[in-house]
Amino acid sequence: MKYAELCETYDGSSRMISEIASKNKNWWYTEMKVAYNQLLKLLDEEDSQNLIKSQTSWESYLENKKYIEEIFFYQHKYDSVGELRKALSVSEEAEETKARAYSLLEYLYIINGEINMVFSEQ
């Protein structure tokens, strides 16, 4: 099911926001990993190492963000903010993954003049 079709099934619930966002995040994660692996094959050793460091830092940032959100939104350590906020945090993660995928796709375009995406954004 494409993203647009998935959005058409939205029933107004926080659960559905989480479900749609999670699928969207997974699609963009796949795009990101494919672009990342393609870049590694095209870069020289020094640039490959820099890309690896950059990707590791990005993944660490996302994990740390998920950890702090876990404390605030899931463990109720500082009070509960509700299911909608939890759902929106998944949506934010999807958007950040999409942004990272686009950055890597842009690098690919600069090197070889083309972008071959795994999924259609539609």
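The values are calculated or read from the model by the stated rules, or taken from the named source; none is laboratory data. As the structure is a prediction and not an experimental result, all values here were calculated from the model. Ideal geometry is used to build each Cβ from the backbone, glycine not excepted, and the neighbour counts take in all protein chains shown.
Scanning the stretch 44-71 for residues that are acidic (Asp, Glu), more than 14 Å from the chain's Cα centre (by Cα) and assigned to a helix (DSSP H, G or I) returns Glu45, Glu46, Asp47, Glu69, Glu70. Scanning the stretch 31-75 for residues that are of a type in the set (Ser, Thr, Tyr) and under 14 Å from Leu105 (Cβ atoms) yields one hit, Tyr36.
Candidates Glu46, Glu59, Glu63: the one that is at pLDDT below 95 and loosely packed, with under 14 Cβ neighbours inside 10 Å is Glu63. Cβ-Cβ distance below 8 Å, separation of 6 or more or different chains: which pairs start in the stretch 103-122 with a residue that is assigned to a loop (DSSP other than H, G, I, E, B) and end on one that is modelled with pLDDT under 85 and of a type in the set (A, V, I, L, M, F, W, C)? Final answer for the pair search is Gln122/Ala4. For the stretch 1-16, a residue qualifies if it is modelled with pLDDT of 70 or more, in a helix (DSSP H, G or I) and among the hydroxyl-bearing types (Ser, Thr, Tyr), and exactly one does: Ser14.
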